[in-house]
1. So, in nm, how far is label LEU42 from label THR100 when the simple model puts each one 7 Å beyond its Cα toward the Cβ?
2. Relative to 2.2 N^0.38 Å, what does the C-alpha radius of gyration of segment 12-61 come to as a ratio? Two decimals please.
3. What do you reckon, how do PHE53, PHE158 stack up by accessible area (1.4 Å probe), largest on top?
4. Please give the net charge around LYS52, taking every other residue with its beta carbon less than 12 angstrom from that of LYS52, where Lys and Arg add +1 and Asp and Glu add -1.
5. Only one of the values (1) 17; (2) 44; (3) 23 was calculated from this structure for percent of Cα pairs over 28 Å apart; name its label.
6. Using Cα springs under 10 Å in a Gaussian network model of the chain, which residue among ALA62, ALA16, ALA79 shows the largest mean-square fluctuation?
7. Once ligands and nucleic acids are excluded and a 1.4 Å probe is used, how much of ARG120 is accessible, expressed in Å² to the nearest 10?
8. In nanometres, what is the gap between the two model label sites at ARG13 and ALA129, each 7 Å from Cα along Cα-to-Cβ?
Amino acid sequence: IWVGTSAGLARLRDGAFTSYTTRDGLAGDSVQAIFQDKAGALWVGTRDGLSKFEDGKFTNYAAREGLPGGGVDAIRQSADGRLWLATPDGLASFADNRFTVYTTRDGLPNNRVISLHTDREGALWVGTAAGLGRLRENRFETYAAGDALSNGIVLSIFEDAEGSLWVGTESGGLH
């Protein structure tokens, strides 16, 4: 079991914890997201960047490598293997060791991306500080407060066993 904390990354294995911090190569000590990709690598989003943990060592990515905003709040992977990253300055995709950034200029409701979900049909749902976006076939559809959301700050997105999408908003409940 992997646990992200404000003091680093911890792993519970065989009843004992092992901790990892910036001293061990982690991009930052405040861990916001943990995701294991299809190849088995562990990706860790921190307030200071993105870390890939593989074969016992960290590889870090930050602004100098093209990561927008520095921090990563959520991580998902699409069927084509691309990683999708929620950042304070837009949605980033990472493939072939390169970042591509999507912002309001590309159709996002807001550049402050908070949550992500890949649905069973392959669409990427993007929760922002001003609504929900769905990326499908390289186009964004947006839903704002008043469309179907009582509040535009989308904190969480979940798909249930029947395929219904549940969206948690700040001070606005569950939709």
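The values are calculated or read from the model by the stated rules, or taken from the named source; none is laboratory data. Small disclaimer: the values here were computed from a predicted structure and weren't measured. All Cβ positions, glycine included, derive from the backbone under ideal geometry; neighbour counts span all protein chains shown. Calculation scope for accessible area: heavy atoms of the full protein, side chains included, ligands and nucleic acids excluded. Shrake-Rupley method; radii C 1.70, N 1.55, O 1.52, S 1.80 Å.
1. Here the modelled spin labels are 3.0 nm apart.
2. Values: Rg = 10.7 Å, N = 50, 2.2 N^0.38 = 9.7 Å.
Relative to the 2.2 N^0.38 Å estimate, segment 12-61 comes out at 1.10.
3. Details: PHE53 25, PHE158 125 Å².
From most exposed to least exposed: PHE158, PHE53.
4. Details: positive: LYS57; negative: ASP37, GLU54, ASP55, GLU65.
Residues near LYS52 contribute -3 overall.
5. (3)
6. ALA16
7. My reading of the accessible area for ARG120 is about 150 Å².
8. 3.8 nm
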